[in-house]
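First up is the structure itself, then whatever we jot down about it.
What follows draws every value from the coordinates through simple rules; no lab data is involved. The structure presented is a predicted model; accordingly, all values stated were derived computationally and were not measured. Ideal geometry is used to build each Cβ from the backbone, glycine not excepted, and the neighbour counts take in all protein chains shown.
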Amino acid sequence: MFRKTVRGGVHPCGHKSLSNDSPIRYFPLSDTLYVSMQQHIGAPASPVVRPGDHVLKGQLIASSQGNISAPVHAPTSGRILALAEHTAPHPSGLPVLVATLEPDGLDEWGALNPPSDPMALSPEEVCIRIGAAGIVGMGGATFPSAVKLNLSLNSQIQTLIINGGECEPYLSCDDRLMRERATLIIQGILLMQHAVQAREVLVGIEDNKPDAISAMQQAAQGSGVQVIPVPSQYPMGSEKQLIQQLTGIEIPAMSRAAASGIIVHNVATAYAAAEALYQGKPLVSRIVTLSGGAVTHPGNWQVPLGTLASHFLNRASGFNEKPARLIMGGPMMGIQLPDLNVPVIKGTSGILALTENEINHTNPGPCVRCGNCVRSCPMGLLPLEMAANIRSGELKKANELGLHDCVACGACSYICPSSIPLTHLFNYAKGELAQQQKARQKMENTKVLAQRRERRLERQAKEKEALMAARRAAAAAKKAAQQQKEEA
Amino acid sequence: MLMAVLPLTLLGAFLGLVLGIASRLLKVERSNVAEEIEQLLPGTQCGQCGNPSCGAAAEAVVAGDLPPTFCPPGGKAVAEAIAGKLGIPLDSSAMCDEGPRIALINESLCIGCTRCYKVCPTDAILGSAKQMHVVFEQACTACGKCEDVCPTECISMVAIKPTLHTWTWSQPTA
Amino acid sequence: MSEYLLLIISTALVNNVVLIKFLGLCPLMGVSTKMDGALGMGLATTFVLTLAAAASWMLENWLLTPLGLEYLRILAFILVIATVVQFTEMLIRKLSPALYQVLGIYLPLITTNCAVLGVALLNVQQSHSFLQSLIYGTGSALGFTLVLVLFAGLRERLAVLDVPVLYQGAPIAYIVAGLLSVAFMGFAGLA
């Protein structure tokens, strides 16, 4: 059959060989851990411990609140020093509530009670347990996995796709995970398949990771999980692109994958799910790639959540030269960090220290209308037109051109010969439009409130009027009666 | 001479009559645009624009006495909607958008006089006599009416601090 | 039938009232910044032009010619056109207040749109029948609307582009109008 290939895409230099040969090592505990209450998309978790409390590793320290949220667990045993604000690993650099944890060095697990046979649990029960373990999308999006599984449970999922694409340059954490812990990943995948009752499971891995592919294929033998190599091309690890590559289905604009009967999870999420259900361990650490030209010893480390990036970088490696740019995540979609005083969170797939040579520092020039951004856009949008409209303040027109379908993959910014910050412009416009939407919502609410108040005032005035009239009538009657009496 | 003047006069008179009838039939009571614009406004009658009511403000902006950016509680969204309706270019740089603000009651100064919540157009203040008053963040439009009536000057309009949820990217400078 | 079809094509495209005959350039520059306004203006002018073409034919053939008053033609035509424009203004104000606001001063200025008077006079000059006059008027108006919308589309795109400072605003618009006119001359090959 004729299968449409994935549209657009770019081929940035992978730089994977810097770190993909070094096996995963365990990073030692630091003196203080800063466990963020906001390690996921959605409402922040609310703390259930108080300063001074002693906690065991894996103990719940903050529970989820609201529909879209995830709980947070203690990454090690120790004492809670404080609940205070600390800089968040976020492009804004704003503070976020963190629980400061002083490890006691014992790293003592709390009671682990994994179910005897997780596959015998009902799908709902699996979802609940995955949610309770604080598992979120580990590819970087950090959407609470249980919410995603739950939503898909209601919408007849046919296909579960596991994303082993890892298309971002430099990162190799998923690669190493698949090479070293394929068996547990497959167990996690089967659990997720059970949780959403999917008929088919596809694992897409970019063909620049042959060792990971063979390891996964070996582990998947006889399980019904199909491991399929996909071409190395950015952004192959994006949900919609991976779906199209593996199934030939293109997810329509303004629609979710679940509506087409497909759900995508990351390999690291599957691994975390397996750890949670087979070993009873909640998500308290993750594998982080340390790479970039400015670090002396690139590698992959299993890091306790809450470890400060500065501590991690200094202990695990060191700098060859002064880094020109520090990034949390991948270079295409990651967060540029002003400094390293931020903790590792559940979505931290990598910490990169890039040299002057590795980054683009030319100043933006005028658009030459070369159309490279149009060719590279995986969503088939017109980045140059959208950018021109945003620059002249026509945000609505940009939205009509498909801004809402932009996945902010950064391919257009990467390819632009004039170094125009296209993705930044789109992020700005999306935020601005969302704020306008919010403002309109508030206006509507205000209007309703004002009308209600007016009606209430009117009613009160009428009631007062009626009361006064009644009193006057009563007084008049009294007077009349008195007069009558006097006359009599 | 008469042959030229008469037909034209008659023609003019006839056409004038037609227009007269048409203007009766197509009479517009009040400027519909002003009504449509009033629909866009918050309707709190807060008076920050210098007009006594939102209706009057709508009339003024239609007449061109007010720029479309006149409504502080409405902000950019309302300004854009009005400019779109009137088909006039929007000079958003003229708009001093200081970002969202809300009223904050200084608890140590509040004497519980109840004046503020009586004037609040959105019922955003809760309290009763001699009790501490509180502001509902969601309902407050920072119109400043309470600030004006407070006898102890304990109410001030403060900017809402951005959080990770409300923060958005700023426009790239280049 | 084909005669009338030819008439429409020739008035709307080949002898386009704006780009070939250069009549009615004021609204072309004035109300072409936004697509909505341009379309509204085009439709209003279509309405006026069609009505004016019909009215002026009646005036010419039933009043001016029988009485030998041809020398009062321009005066009488302006009177009729002004009336039609006034009527249109009232109608738009009633039906679409927003469009009324958008068109603003350009709505009464249709009176002085020389395309309207020009078409009425050309009708007389070419001694068209009533139906021919009507089609001539409608065709011209459609051509006018087409050009206005095309030009508004171009200007909307121009507004967001990096135009050199010297050319920003009116200059680049004039250049584009000129190029558009050259492009329309290509339709001469149809005739």
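Please report, in Å, the Rg and the Dmax of the stretch A:42-154, where both are computed over Cα atoms only.
Considering the stretch A:42-154 through its Cα atoms, Rg and Dmax are 15.5, 45 Å.
Rounded to the nearest 0.05, what FRET efficiency is calculated for C:Ser127 and B:Asp65 with R0 set to 60 Å and r the Cβ-Cβ distance? If you can, show how the numbers build up before the last one.
Numbers: r = 53 Å, r/R0 = 0.88.
After rounding, the FRET efficiency stands at 0.70.
Can you tell me the relative contact order of chain B? Whole percent, Cα pairs under 8 Å, sequence separation 6 or more. Display every interim value, and only then the final one.
Numbers: 200 pairs, mean separation 28.6, N = 174.
RCO, chain B: 16 percent.
For chain C, modelled as a GNM with alpha-carbon contacts under 10 angstrom, which of C:Lys34, C:Lys21, C:Lys94 fluctuates the most?
Top of the fluctuation ranking is C:Lys94.
Calculate how large, on average over all directions, the projected area of the Cα convex hull of the stretch B:3-58 is; give the answer in nm² to one decimal.
On the way: hull surface 23.6 nm².
For the Cα atoms of the stretch B:3-58, the hull's average projected area reads 5.9 nm².
So what is log10(I(q)/I(0)) for the protein assembly as shown at q = 0.07, 0.09 1/Å, when the Debye sum runs over its Cα atoms only?
-0.77, -1.04
With just the Cα atoms of the stretch A:317-399, tell me how far they stretch along each of the three principal axes, in Å, largest first.
Computed over the stretch A:317-399, the largest-to-smallest principal extents equal 46, 29, 24 Å.
When chain C is modelled as a GNM with alpha-carbon springs shorter than 10 Å, which of C:Thr83, C:Thr138, C:Thr50 fluctuates the most?
The residue with the greatest mean-square fluctuation here is C:Thr83.
Assuming R0 = 30 Å, what is the FRET efficiency of B:Leu2 and B:Ser23, from their Cβ-Cβ distance, to the nearest 0.05?
Numbers: r = 31 Å, r/R0 = 1.03.
Step by step, r from the Cβ atoms, then E = 0.45.
Ranked highest first by average number of other Cβ atoms within 10 Å, how do A:244-251, C:10-17 line up?
Values: A:244-251: 17.8, C:10-17: 21.6.
Highest to lowest by the protection proxy: C:10-17, A:244-251.
Take each of the peptides A:183-196, A:213-226, average the number of other beta-carbon atoms within 10 Å over its residues, and list them starting from the highest.
Details: A:183-196: 24.1, A:213-226: 16.4.
The most tightly packed comes first, giving A:183-196, A:213-226.
State, to one decimal in nm, how far the label point of C:Glu3 lies from the label point of A:Leu151, with both points 7 Å from Cα in the Cβ direction.
It is 6.7 nm.
With a length cut of 24 Å (Cα positions projected on each helix's long axis) and a Kyte-Doolittle mean of at least -0.5, go through chain B and give me the DSSP H helices that pass. Write out the running numbers ahead of the final one.
On the way: long enough: B:2-25 (34 Å, 2.02).
Within chain B the helices that satisfy the rule are B:2-25.
Evaluate the Debye formula for chain B with equal point scatterers sitting on the alpha carbons, no solvent, and hand back log10 of I(q)/I(0) at q = 0.14, 0.15, 0.18, 0.20 Å⁻¹, in q order, two decimals.
-0.88, -0.95, -1.15, -1.25
For peptide A:418-431, compute the average count of partner chain beta-carbon atoms within 10 Å of each residue's beta-carbon. Walk me through the numbers on the way to the answer.
Working: counts 0, 1, 2, 4, 1, 2, 6, 4, 1, 4, 5, 3, 2, 6.
The mean count of partner-chain Cβ atoms within 10 Å per residue comes to 3.
Straight-line reach from B:Lys161: which lysines have a Cα under 23 Å away, not including same-chain ones fewer than 8 places off?
List returned: A:Lys430, A:Lys438, A:Lys442, B:Lys76, B:Lys145.
Can you work out the base-10 log of I(q)/I(0) for the stretch C:123-191 at q = 0.11, 0.12, 0.17, 0.29 1/Å, using the Debye formula on its C-alpha atoms alone?
One equal scatterer on each Cα of the stretch C:123-191 leads to -0.42, -0.48, -0.76, -1.22.
Return the tail of the calculated pair distribution for the stretch A:334-462, meaning the percent of Cα-Cα pairs more than 25 Å apart. Can you show the working numbers first?
Values: 3911 of 8256 pairs.
Tail of the P(r) past 25 Å holds 47 percent of the pairs.
Could you state, as a whole-number percent, how many of the C-alpha pairs of chain A are farther apart than 45 Å?
The answer is 20 percent, as a whole percent.
How far is the Cα center of the stretch A:155-229 from the Cα center of the stretch A:318-375, in Å?
28 Å
Regarding chain C, what is the average projected area of its C-alpha convex hull, in nm²? Spell out each step's value before the answer.
Numbers: hull surface 47.2 nm².
Seen from a random direction, the Cα hull of chain C projects 11.8 nm² on average.
For the stretch A:1-64, what does the equivalent ellipsoid look like in terms of its semi-axes, each the square root of 5 times an eigenvalue of the Cα gyration tensor, given largest first in whole Å?
Details: eigenvalues 322, 100, 25 Å².
Over the Cα atoms of the stretch A:1-64, the ellipsoid semi-axes are 40, 22, 11 Å.
Compute the distance from the alpha-carbon center of the stretch A:401-455 to that of the stretch A:56-78, in whole Å.
So the two Cα centres are separated by 32 Å.
Which of A:Glu275, A:Glu465 comes first, and how do the rest follow, when ranked by fewest Cβ neighbours within 10 Å? Let's see the in-between values first.
Details: A:Glu275 22, A:Glu465 10.
Fewest to most other Cβ atoms nearby, the residues stand as A:Glu465, A:Glu275.
Divide by every residue of chain C the summed helix terms, -39500 (n - 2.57) for each DSSP H run of at least 4, and state the resulting mean residue ellipticity at 222 nm, rounded to the nearest 500 deg cm²/dmol.
Working: 8 runs with 127 residues, N = 191.
It lands at -22000 deg cm²/dmol.
Which of the DSSP-defined H helices in chain C satisfy a minimum axial length of 24 Å, computed from C-alpha atoms, and a minimum mean Kyte-Doolittle hydropathy of 0.0?
Numbers: long enough: C:35-59 (35 Å, 1.36); C:73-95 (33 Å, 1.55); C:130-159 (43 Å, 1.17).
In chain C, the long hydrophobic H runs are C:35-59, C:73-95, C:130-159.
Over chain C, what is the relative contact order in percent, taking alpha-carbon pairs closer than 8 angstrom and at least six residues apart? Let's see the in-between values first.
Numbers: 209 pairs, mean separation 81.7, N = 191.
Averaging sequence separation for qualifying contacts and normalising by length gives 43 percent for chain C.
Please order B:Cys143, A:Cys373, B:Cys110, C:Cys26 by the number of other Cβ within 10 Å, starting at the fewest.
Working: B:Cys143 25, A:Cys373 28, B:Cys110 18, C:Cys26 15.
The most exposed by this proxy come first: C:Cys26, B:Cys110, B:Cys143, A:Cys373.
Can you list the trypsin sites (Lys or Arg not before Pro) in the stretch B:3-65 that are in a DSSP coil and have 14 or fewer other beta carbons within 10 angstrom? Please list the in-between numbers first.
On the way: sites: B:Arg24, B:Lys27, B:Arg30; in loops: B:Lys27, B:Arg30.
Taking the stretch B:3-65 and a limit of 14 other Cβ atoms within 10 Å, the loop trypsin sites (Lys or Arg not before Pro) found are B:Lys27, B:Arg30.
Taking just the C-alpha trace of the stretch B:101-159, give me its Rg and Dmax in Å.
Gyration radius and largest Cα-Cα distance of the stretch B:101-159: 9.8, 28 Å.
Modelling each spin label as a point 7 Å along the Cα-to-Cβ direction, I'd like the B:Val158/C:Leu75 distance in nm, to one decimal.
7.8 nm
When the helices in chain A are scored as -39500 (n - 2.57) per DSSP H run of 4 or longer and the sum is shared across all residues, what 222 nm value do you end up with, to the nearest 500 deg cm²/dmol? Spell out each step's value before the answer.
Working: 13 runs with 173 residues, N = 488.
The helix-only estimate for chain A comes to -11500 deg cm²/dmol at 222 nm.
Against the 2.2 N^0.38 Å scaling, with N counting residues, where does the stretch B:32-94 land? I'd like the Cα-based Rg ratio to two decimal places. Intermediate values should be presented prior to the final figure.
Values: Rg = 10.1 Å, N = 63, 2.2 N^0.38 = 10.6 Å.
For the stretch B:32-94, the normalised Cα radius of gyration is 0.95.
Relative contact order, percent, of chain A when contacts are C-alpha pairs under 8 Å separated by at least 6 residues? Numbers along the way, then the final one.
Values: 1035 pairs, mean separation 84.3, N = 488.
With pairs under 8 Å counted, the relative contact order is 17 percent.
Going 7 Å from the Cα of A:Arg50 toward and past its Cβ, which residues in the stretch A:81-113 have a backbone nitrogen under 16 Å from where you end up?
Flagged as within label range: A:81-84.
According to a simple spin-label model (label point 7 Å from Cα along Cα-to-Cβ), what is the distance in nm between A:Glu444 and A:Leu81?
4.7 nm
Rank by packing, highest mean first: peptides A:116-124, C:142-150, with packing defined as the count of other Cβ atoms within 10 Å averaged across residues. Walk me through the numbers before you get to the answer.
On the way: A:116-124: 13.0, C:142-150: 22.6.
Per-residue Cβ counts within 10 Å, averaged per peptide and sorted highest first, yield C:142-150, A:116-124.
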